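A short write-up of the structure that comes next.
Read-outs throughout are calculated quantities, based only on the coordinates presented, and are distinct from any laboratory measurement. Values in this document were obtained by computation on a predicted structure and should not be read as measured data. Ideal geometry is used to build each Cβ from the backbone, glycine not excepted, and the neighbour counts take in all protein chains shown.
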């Protein structure tokens, strides 16, 4: 089954809603153009695929949305407060 992701993004964009897609099943199977996501973000992991490597994945967040997007788990470079020492997309890294 394929969900109409592009249509969902467009509908949400008109309402200024951020959409996040877990694309683990589609990554490597369908053509994906991350630049068309609008107000969205996308993640995928390789372990969902047959003999896919564990601990390999991707996170895409448009650069203009990085400051307003927060990780669910923080890692290195996070101080004791709500600010991170990491610059730009590095704030999403967790080791």
Q | Point-to-point label distance, residue 62-residue 11, nm (Cα→Cβ direction, 7 Å offset) | A | 1.9 nm
**Q.** Two-site FRET efficiency, residue 34 against residue 55, from Cβ-Cβ distance with R₀ of 35 Å, rounded to 0.05
**A.** 0.95
Q: Which order do the peptides 16-23, 50-57 take when ranked by the mean count of other beta-carbon atoms within 10 Å per residue, highest first?
A: 16-23, 50-57
